[in-house]
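Notes for the one structure printed next.
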Amino acid sequence: MPRRRNSYFSYLDQESLSRISGEPLLSKFSMEGSVSGHHRSPHKGASVEFSEYREYTPGEDPKRMDWKVFGRSDRYYLKEFEAETNLRCHLAIDCSASMSFGEPVNKLEYAKKLTATLAYIYLGQGDAVGLHTIQNKNQKVIPTKRNPAQVQEILEVLGPLKAKGKTNLIQSLHEIAESSKMRGLIVVISDFFEEMDPIKHAITHLRDRKHDVVLFQLLDKQEIEFSFERPTRFIDLEGEGSIITEPTLIRDEYLKRMEEHSMAINEHCLECEASFNRVSTVQSISETLNSFSSHRREITS
Amino acid sequence: MSFLQPIALWGLLLALTPLIIHLLNLLRHRSQPWAATRFLLQARKSSSRISKIKRWLTLLMRMIALACLCFVIARPMIGGNSFFSLSSNSPEMLVLILDRSASMDTGANSNLKSKRERALEIFEQFVEPWPESKIALIESVYEEPFFLSEIQALTDSNFEDFTGQTDTSSSLARTLLKTLEWMKKTQVGPAEILLASDMQRSNWGGNKSSNQFSRIDKILEQKKDLWTLKIIPLTSKSSYNISLRVNKIARTKESIKPSLTLKQSKPTNPLNSVDIQKSLNGESENLNLKISSDYTKWHTTFNLKKQPEEGWGSIKLNSSFNKSDDHYYFTYRKNSIPQVGVLSLDPVIENVLRSAAQNSDGEIAEPLILENLDNQNTTLRRMVIQQGAIAKAVSESLDKFVKQGGTLVLFPPENKNLNNYPFLSWQDLEERNEDQAFTIQSWSKEDGVLKNFADGASIGLDYLSVLKRMVPNQGEALAYYGDGKAFLSKFTHGNGLVYAFSTLPLDSWSTLKDGYILVPSIQRIMLESSSVMDSSNDLICGSEETKNIFEYSCIDLPEQKKPTLHAGVYKINGKLTAINRPLEELDKEIFTLSDLNSKLPNSPTLEELNESKRSTFKRSEIWTSFLYLCLAFLLGESLLGIPRQSNRKQMKNV
């Protein structure tokens, strides 16, 4: 068992951790946390961050009254501060058979690394992290906890995960949206090879629940370039049959469709203030997360 | 549509290659697990129609381009002046078959140009409108085709060896056949073939050429739409000419006596005399000879006193009408009793005949060794005595020997079928007993080999008793039996003489063995054959023998002549050799156009060249059209392979 656990730690990308862990990854929306943290809260509370002055209403606690303002203006004002709380990060990883594609690292392995590293980072900054494995059956859910030992638990689940079966992404996203009562960060890691409209509905549903939604679309180099020359039988990994075709003849059309699909998800994300990241598995995890953190800083500054 | 190289049409199967490669590629696809099948399906669905059309169009264009290439190689032809021919209607090749026989240098017109020169002129004018066509010349001496880079080469003096005057004969059927076979082999397309000849019948070979004519006929029939054969008319009214012919040359110990005939043709205004130049070993003597209007027979003598034992001589007419028929050359060597060879399978007969043929030195004649018959030593024998069975090859050799001027004395075989000479046959064997033996009744006592001796005594033929006889069928009888049949016959064969006895020098046949008739008659035949000029070294100009002479020197003229082309006296292999023109070149019989057409029944009717009516080929080649089509389809295929601009942009964005 110890050996096995040690091997799962390799899912944590050391380079990313060393580069990113200095600065917190913030959410651009206010979060409803249980303890204080780095993220904005919809509630006012004790903090160093000034929020506003508000006129005193009888019945309120006179302790929060600003006596200096009373001395200058002879009126009763309350001085309010921003409440800062932690966030609940739900990491959803797609484990359908299509995620098993890719060389030298398949998309699922890449997703595992990305998930584990993100979990470590968020736990490190005091946030609660949970895990949802999106599978046809035997889906696993780890509720959000901010206990540092949560990393171990997440790695124990991620480690043996295998990509198989048809995707259940849309339904799973709706379930996550419904099950998460408090607003939080929903990170979805998938190839998003689904119909466009259901994806849009799922994203909208998550956003309607006030969640900060982050999508990572993982694509293999071959899926992006489609550089096949000879006639090829393409066998669907999710059991949808096979196609014999001459790649040279359909290459242009395929690339066009693929691009349109990613663009459509991106556009919808922009519309509903979700974040979309298209990632090639050729990129290192640190590059991906570096780009992600830079983007987060930009939108939260 | 027809094809010049139909075998290339098998290449059309190659046109299926792109399709086969395409299908093989589909069969040889590799399997690839794939996640984004959704997009593949969408891409195939939306691009399938255009892509499929594009793909099949590409395949089709490749296949058509290959098919067009095959058609280009197969050289297709279509009828008439087609739009598709895309080229001028010029023949691919213009071929001149030039008869260079001696008779072609007889004046063809009132001007001094010979028929040969006139033919070259006509051909030069003929090719003028077709500067793009290739020009080939095949002349009758070497019969080898060669191309002319420019038509002016025909009259170039450097080209004299191939277009100049010769003393040769020609075999036009063979030359024509060689030309057509060469053209067929090199797959010549449309061609104009002009035959320039004075159509002398002897040049067409008679019945011997029937096989050649049938092959010519077959080729001309096959190529009737492609090739046209025309005759340049050169048989127009002939101008004045005087020719010299040597009939016989007698040789004695101290003189040479040629017997000649001079013939004037077209004697409307005949000459009364002609200048003749006699030369012996380079010393010339000019004579003026009075001649009659038609034929003139003339005998002259070359005195060999104070002359070397071996030498040469010539007789020339000082006329300028035709240089090919006004001269005769001869050589002579030491005159001696000829060597005699005896050939008989019966040793008794052989001994008797060898003894009878002993020479003036008392040496008896040698037995003839069969193996040596064909070598040069045998050709020096001036006389052969033969009896009995004989193989066909030996009879052919003896036939050749006689034709060249040898003398053959024949005795009957035991059976009439045992020897079969092409020139002699025997009657059935007749036998009588001693009481009723055949006897000779009459013979020529004043002249010939059975004449009386100098003292007037008879040769004694009336004492001859013949028990068996086999009478020869051919020849003039020199002595007759009582029943009128010939005892001894004589006839000429080629340049030689044949004597045929009707009985054998055996006791069972006759008393000929006693010698009183046999010895003087054989000795007289030997003497007669020695007076015939030995011309065994002499050759006919243009013959196969002269074509194989490579080392020679010309004796009679300081300028260099060639034994293949010109008559004269040459030193070949150290021996003096006289080379004369073929006698048949003096024959005036014409092989008419209708004669020629009758020999070629299946070919298109041959016509004489008519300048105003040039050939329009019934069929023209259209390979250029297919070449352009091939290029067009290859271009189309390339254009189909270029990606659309919008696609290129998308790819760039990705």
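Return the residue satisfying two criteria in turn: it lies in region B:408-439 and is hydroxyl-bearing (Ser, Thr, Tyr) and assigned to a loop (DSSP other than H, G, I, E, B), and of such residues it is modelled with the lowest pLDDT. Selected residue: B:Ser425. Would you confirm whether or not region A:89-101 contains a residue that is open to solvent by less than 60 Å² (accessible area, probe 1.4 Å), more than 14 Å from chain B (Cβ to nearest Cβ) and in a loop (DSSP other than H, G, I, E, B)? No; the residues of region A:89-101 include none that is open to solvent by less than 60 Å² (accessible area, probe 1.4 Å), more than 14 Å from chain B (Cβ to nearest Cβ) and in a loop (DSSP other than H, G, I, E, B). Take the conditions (1) part of a loop (DSSP other than H, G, I, E, B); (2) at pLDDT below 75; B:Thr378 misses just one of them, which is (1). Of the set (1) in contact with an Asp or Glu (Cβ under 6 Å, 6 or more places away or on another chain); (2) at pLDDT 85 or above, all apply to B:Ser47 but (2).
Restricting attention to region A:227-242, and to residues there that are surrounded by fewer than 21 Cβ atoms within 10 Å (Cβ to Cβ) and among the hydrophobic types (A, V, I, L, M, F, W, C), which single residue is farthest from A:Lys210 (Cα to Cα)? My answer is A:Phe228.
Considering A:Thr300, A:Thr288, A:Thr245, the condition of being modelled with pLDDT under 85, open to solvent by less than 20 Å² (accessible area, probe 1.4 Å), at negative phi and not charged (D, E, K, R) is satisfied by A:Thr245 alone. A Cβ distance below 6 Å, combined with a sequence gap of six or more or placement on separate chains, defines the contacts here; from region B:126-145, residues that are closer than 12 Å to B:Leu94 by Cα reach residues that are part of a loop (DSSP other than H, G, I, E, B) in the pairs B:Trp130/B:Ser90; B:Glu132/B:Ser90; B:Ser133/B:Ser90; B:Ser133/B:Pro91; B:Ala136/B:Pro145; B:Ile138/B:Pro145.
Considering B:Leu27, B:Leu40, B:Leu60, the condition of being under 60 Å from the mean Cα position of the chain (by Cα) and either at the interface with another protein chain (Cβ under 7 Å from one of its Cβ atoms) or open to solvent by 80 Å² or more (accessible area, probe 1.4 Å) (or both) is satisfied by B:Leu60 alone.
Reported count of residues in region B:472-490, each being out of contact with any helix residue (DSSP H, G or I) (no Cβ under 7 Å at 6 or more places or on another chain), within 27 Å of B:Ala454 (Cβ to Cβ) and either of a type outside the set (Ser, Thr, Tyr) or open to solvent by 10 Å² or more (accessible area, probe 1.4 Å) (or both), is 9. Across region A:181-193, the number of residues qualifying as crowded, with 20+ Cβ neighbours inside 10 Å and on the phi < 0 side of the Ramachandran plot comes to 9.
Summed over region A:194-219, the residues that are open to solvent by less than 10 Å² (accessible area, probe 1.4 Å) and either part of a helix (DSSP H, G or I) or within 26 Å of A:Arg146 (Cβ to Cβ) (or both) give a count of 10.
Quick one: in region A:166-180, which of the residues that are closer than 21 Å to A:Leu114 by Cβ and either assigned to a loop (DSSP other than H, G, I, E, B) or not assigned by TED's automatic domain parsing to the domain that holds A:Thr204 (or both) is least open to solvent (accessible area, probe 1.4 Å)? The extreme case among them is A:Ser180. Considering only region A:146-175, state which residues are of a type in the set (Val, Ile, Thr) and closer than 26 Å to B:Thr37 by Cβ. Correct list: A:Thr167, A:Ile170. Filter region B:17-64 down to the residues that are more than 21 Å from A:Ile224 (Cα to Cα) and among the basic types (Lys, Arg) and list them by number. Selection gives B:Arg28, B:Arg49, B:Lys52, B:Lys54, B:Arg55, B:Arg62. Please verify whether B:Ser502 is out of contact with any Gly (no Cβ under 6 Å at 6 or more places or on another chain) and open to solvent by 10 Å² or more (accessible area, probe 1.4 Å), treating the condition exactly as stated. In short, no.
The single condition from (1) buried (at least 20 other Cβ atoms within 10 Å of the Cβ); (2) part of a strand (DSSP E or B); (3) modelled with pLDDT under 85 that B:Ile78 fails is (1). Report yes if B:Ala153 is outside any loop (DSSP other than H, G, I, E, B), without any contact (Cβ under 8 Å) to a residue 12 or more places away in the chain, of a type in the set (Gly, Ala, Ser) and under 19 Å from B:Leu94 (Cα atoms), otherwise no. Judged against the criteria, B:Ala153 is a match. When the strands (runs of 3 or more DSSP E) confined to region B:250-308 are screened for residues that are open to solvent by 70 Å² or more (accessible area, probe 1.4 Å) and not aliphatic (A, V, I, L, M), those reaching at least 2 such residues are found at B:283-290, B:295-299.
The values are calculated or read from the model by the stated rules, or taken from the named source; none is laboratory data. Fair warning: this is a prediction, and the values are worked out from it, not measured in the lab. When we count neighbours, we look across all protein chains shown, and the Cβ atoms used for this are built from the backbone with ideal geometry, even at glycine. With ligands, DNA and RNA removed, areas are computed over all heavy atoms of the protein, side chains included. Shrake-Rupley method; radii C 1.70, N 1.55, O 1.52, S 1.80 Å.
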